[in-house]
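Written out below as structure tokens is the structure these notes cover.
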Amino acid sequence: MTATLLDGKALAARLRSQLAEEVAPWAKRHGLRPTLAAVLVGDNPASRVYVGKKQQACRKVGLESRLVELPADVSQARLLETVDQLNADPGVHGVLVQLPLPPQIETQEVLRRVDPRKDVDGFHPENVGLLVQGRPRFVPCTPAGICRLLQHYEIPTAGRHVVVLGRSDIVGKPMANLLLRRGPEGDATVTVCHSRTPEPARFTREADILIAAVGRPKMVTADMVRPGATVIDVGINRTPEGLVGDVDFDAVRQVAGFITPVPGGVGPLTVAMLLWNTFQAARGQVEQAG
Ligand code: GUN
């Protein structure tokens, strides 16, 4: 059996065109464009690529994007001041600080400083708390995109065993919380494995849905996957042989029922969800003010 490909790129294009159709009349009615401000610190090449993709995607759907670039040796105080300015600017509806930040920066303090109503990444503790309570406001973009992908391909989560590899604040933890929500988009039984889990294969082999978000090239091998399972690969690893995921794609696709490619799987959906979060932020701020 060869797995069906979950085409995140195509779904993201559909979501963007739906969003563009909603944004245009809204922008006309309110006489403004929803605006995302991205803060890029230093010159991490991957971060620069990701931020560039986010900005380009904004333009495609009629959102405005601003880029604030700061040097790698920026002080904590200067970065916080930048966030404060964006928070106070009524022309900015969404604020994101691209991660990772340089070592002199206390990341948690920066994330806490973003106005929770402009926190389109969903990383502020207030938004994390709302998600954990099952009443999300802004859902972190990668887990939100994975849920959309599963819905689109009618892959149910309710009552099924989902194994998440990785416990990051950006993917693993919010993913687990989304899947635990009550209702048809959640209701999963969730296992989270991480770097201190002995023999993760014991768990992954039991998974109906396996989500790999560890940042280790090809760590998920065919013997770790139950035949017919759905495999979602969040990894984007730069290796001498090019971009590879956390899943050994060529081998695992022979076993899995559904699988995401890298690139063209989860990545484009992450960007699409960011655009939706930005529009949602703008609606929240403008409609509340009016
Ligand atoms: N770095 C890797 N993923 C993300 C993300 O979703 N948002 C931000 N701000 N930084 C990241």
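Any read-out appearing in this document is the output of simple, stated calculations on the displayed coordinates, not a laboratory observation. Worth saying up front: this structure is predicted, and the values here are computed from it rather than measured. Here the Cβ positions follow ideal geometry from the backbone for every residue, glycine too, while neighbour counts run over all protein chains shown.
Some observations on this one:
- Computing FRET efficiency as 1/(1 + (r/R0)^6) for THR107 and HIS30, where r is the C-beta to C-beta distance and R0 is 41 Å, gives about 0.75.
- Cross-link pairs LYS60/LYS218; LYS9/LYS53; LYS9/LYS173; LYS28/LYS53; LYS28/LYS54 - those with Cα-Cα distance over 21 Å: LYS60/LYS218; LYS9/LYS173; LYS28/LYS53; LYS28/LYS54
- Applying 1/(1 + (r/R0)^6) with r as the Cβ-Cβ distance of GLU21 and GLN151 and R0 = 25 angstrom yields a FRET efficiency of 0.80.
- Evaluating 6.51 cos²θ - 1.76 cosθ + 1.60 at θ = phi - 60° for every residue in the stretch 49-65, the Karplus couplings come out as 5, 4, 5, x, 5, 5, 5, 4, 5, 4, 4, 4, 9, x, 9, 9, 10 Hz, glycine and proline recorded as x.
- Once backbone amide H atoms are built at 1.01 Å from N, VAL192 has VAL164 as its partners under 5 Å, excluding neighbours fewer than 5 places away on the same chain.
- Note, ³J(HN,Hα) from phi for the stretch 130-145, Karplus 6.51, -1.76, 1.60, rounded to Hz, x at Gly and Pro: 4, 5, 4, 7, x, 10, x, 9, 10, 8, x, 5, 5, x, 4, x
- Long-range HN-HN contacts of SER65 with modeled amide H, under 5 Å: LEU36
- Extension gain for ASP187 to ALA251 (0.36 nm times residue separation, less C-alpha to C-alpha distance): 20.0 nm.
- Under 5 Å, built H, 5+ apart or other chain: amide partners of THR4: PHE258, ILE259
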